[in-house]
Amino acid sequence: MSEHLVGTSHLETAATAAPERRERAWARPLYLLLALLLACALPWFIYPPIALDILCWGLFAISVDLLLGYTGLLSFGHAAFWGSSAYITGIVAIETGMPFPVAILLGALAAMVIAVPTGWLAVRSTGIYFAMVTLAFAQMLYFVANRASGLTGGENGLQGIPRPFFGMELIETEAFYFYYAALPLIILGCFIAWRTVHSPFGRVLLAIRDNPARARALGFDVEGYKIVVFVISAGIAGVAGGVFSSGHGFASLNDLMWTTSGKAVLITVLGGIGTLWGAMVGSGILVTLEDYLTTLGFEGIGIVTGTMFIVIVLLFRRGIWGSVQQAWHWALGKARLRWG
Amino acid sequence: MPETTLSEQLPAGQTGTPVLEVSDLSAWYGEAQALRNVSLEVRVGEVVTLVGRNGAGKSTTLRSVMGLHRHISGNIRLDGQDITSRTAERRARAGIGWVPDDRGIYASLTVMENLTLPPVVDRDAAWSLERIFEHFPVLHTRRNFPGTKLSGGEQQMLAMARPLRMGAKMLLVDEASEGLAPVIVTQIGDIIREIKKSGVSVLLVEQNVNFASTVADRHYLLAEGEVVESLGNDEFQSRLEELLHHLGM
């Protein structure tokens, strides 16, 4: 990808950057620090398994956003990667007793391998057809997992997944400590997504999203780029799915269900398409709400989440985080006008 | 313009060599035939226009040459090599640059990103950023602005600068003067002449025949998907009134 920046000279320096960019340069480390502090503090305020769920679903939705928000591809079969990684992570941990981060990374790798043929076929279509092809693959995997009960436990799922971690019993048994042991993997997934978006490769993805024919005429192998981002996205979804199955100690057919893909899309839309971090906000709201309603014994969770989805789509097209960002920039602009 | 005059303006060894040769190009949109056996050629450092009414097939010719319209028959050669079966991205990498009628600026990217993101396909031919900014000073001023914040003229300049930065040797320009103020059209004309001087060839689709006559060496007249006449610029200028009447402009 280096050729894309050949010849970028001294002309593009911090000194010539627009004021907005300079502001972002100092603000970014601050936001990052705040996000890290929040992530570290989360299990002190929320039941640790729920806190872990927020991060897992958030990372999963980030992987969906990488496709939807930055490449213009709506994958409705991302459960294939979340679920396959959940199973592979479990199988590796049960069969080999490897430390859980290794099992999760192997799960993510397996998801990426599965994504190669899936992506190769799916990126040849766009819009609703892309969504349908990805959904079809996920459903295929669902039925394969159901039939291969010797390996996956079939309808009973894969139960009793251990989380070995160099004999550190607290991490292996306590959800609170496991949260902190798994946090670096979530951060790794977020970093990969962030790096992808903020690289020349990510800029090409935006170009493809905005107008694929134009990108083609500029010499970009549109299908090639789409396959690569699809595989990266699958890997991130795999990390999330692996952490999720390790954290809960089981992987089930539900992880491969279309409803799981739908939930990830819902979280992405809720947080804000194309905002990346909005996915974490959406996940925080949805997972907490689901947990709260379950505790109350309310059974119509789908009615509540469905209503939320409709309200967000109709009234807040940018999602929650996108709307907050817009309001912040508006307020900042007003303040500048008033006080210079 | 007579060929001898053109040859005098070109660097040694580049006289009259065809860069782009299109033979018997036909194109369809479903059942409807948009182009019928269009044949044309563009030589090194030459500016050639495609002139015609709306729906004559001008943009379809450009899109077919770029590889964006695939329902075609005929033959397209670049530097003597058959590129008919190549995809648009491979044609771009072979040196064809595309300046679409909507300018094709990426709104989500800054001017600098719009310029530096596309691959450099020919390092020797590629214009450096310094050279780009020398010829398009407004782009230097606006380099950190997003594409959406540019005026129509600035967008047109960026659209033309981008393939030059890539090192394209054959520019396909669709309606360069459309919707621009006269002073900007004059600037665009100067830029096209500058591009021509550097040895880059230009195939220009243009409805503004007055503008076309100020920048082009030769003209092809298209009507109902066919080339009806091929004229040098001198003849084009002398028959301007007749052509305007013929084209219904």
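Just so it is clear, none of the values below were taken in a lab; they were calculated from the coordinates. Just so we're clear, the structure is a prediction, and the values are computed from it rather than from any experiment. Heads up, the Cβs are rebuilt from the backbone with ideal geometry, glycines too, and the neighbour counts pull from every protein chain shown.
Based on alpha carbons, the Rg and Dmax found for the stretch B:82-227 are 14.9, 44 Å.
What net charge do the residues around A:ILE46 carry, taking every other residue with its C-beta under 14 Å from that of A:ILE46, with Lys and Arg at +1 and Asp and Glu at -1? Computed value for this residue: -3.
Within the stretch A:201-315, all pairs of alpha-carbon atoms sorted by distance into 10 Å bins from zero give the percentages 11, 32, 33, 17, 6, 1.
Summarised in one figure, the compactness ratio Rg/Rh of the stretch A:48-327, Cα atoms and Kirkwood Rh, is 0.97.
Reducing the stretch A:320-337 and the stretch A:74-109 to their Cα centroids gives an inter-centroid distance of 40 Å.
Each residue in A:ASP291, A:ASP255 was given a count of other beta-carbon atoms within 10 angstrom of its own, and listing them fewest first yields A:ASP291, A:ASP255. Relative contact order for the stretch A:48-327 using alpha-carbon pairs under 8 Å, separation at least 6, rounded to a whole percent? Relative contact order, the stretch A:48-327: 35 percent. In this label model, A:THR307 and B:VAL183 are separated by 5.9 nm, measuring between points 7 Å along each Cα→Cβ vector.
Note on A:LEU253, A:LEU37: ascending count of other Cβ atoms within 10 Å places them as A:LEU37, A:LEU253, the fewest first. Both radii are taken from the alpha-carbon atoms of chain B; with Rh as the Kirkwood radius, Rg/Rh is 0.95.
Longest stretch of chain A clear of exposed loop sites (GluC sites (Glu not before Pro), DSSP loop, at most 15 other Cβ atoms within 10 Å, sites excluded): A:1-173. Convex hull volume of the Cα atoms of the stretch B:133-197, normalised per residue: 91 Å³.
Put in line by how crowded their Cβ is, counting other Cβ atoms within 10 Å and starting with the fewest, A:CYS56, A:CYS40 read A:CYS40, A:CYS56.
Calculated mean residue ellipticity, 222 nm, chain A: -25000 deg cm²/dmol, from DSSP H runs (n ≥ 4) at -39500 (n - 2.57) each, averaged per residue and rounded to 500. Give me Rg/Rg_expected for the protein assembly as shown, where Rg uses Cα atoms only and Rg_expected = 2.2 N^0.38 Å with N residues. Cα-based Rg divided by the globular estimate yields 1.15. Stretched out straight at 0.36 nm per residue, the stretch from B:ASP82 to B:GLU31 would grow longer than its current Cα-Cα span by 15.7 nm. For the segment B:122-134, counting C-beta atoms of other chains within 10 Å of every residue's C-beta and taking the mean gives 2. Specify the inter-centroid distance of the stretch A:110-147 and the stretch A:193-224, based on alpha-carbon positions, in whole Å. After rounding, the separation between the Cα centres reads 22 Å. Grab the DSSP H runs of chain B that are 4 residues or longer, score each as -39,500 (n - 2.57), total them, divide by all residues and round the 222 nm result to the nearest 500 deg cm²/dmol. One gets -10500 deg cm²/dmol as the mean residue ellipticity at 222 nm.
Put one equal scatterer on each alpha carbon of the stretch A:51-98, apply the Debye formula with no solvent term, and list log10 I(q)/I(0) at q = 0.14, 0.28, 0.30 1/Å to two decimals. Normalising to I(0) and taking log10 leaves -0.45, -1.00, -1.04. Using only alpha carbons, the stretch B:34-148 has a radius of gyration to Kirkwood radius ratio (Rg to Rh) of 1.00. Extending 7 Å from Cα along the Cβ direction at A:ILE128 and again at A:GLU169 yields two label points whose distance is 5.9 nm. For the stretch A:180-286, the relative contact order is 21 percent, taking Cα pairs closer than 8 Å that sit 6 or more residues apart in sequence and dividing their mean separation by the residue count.
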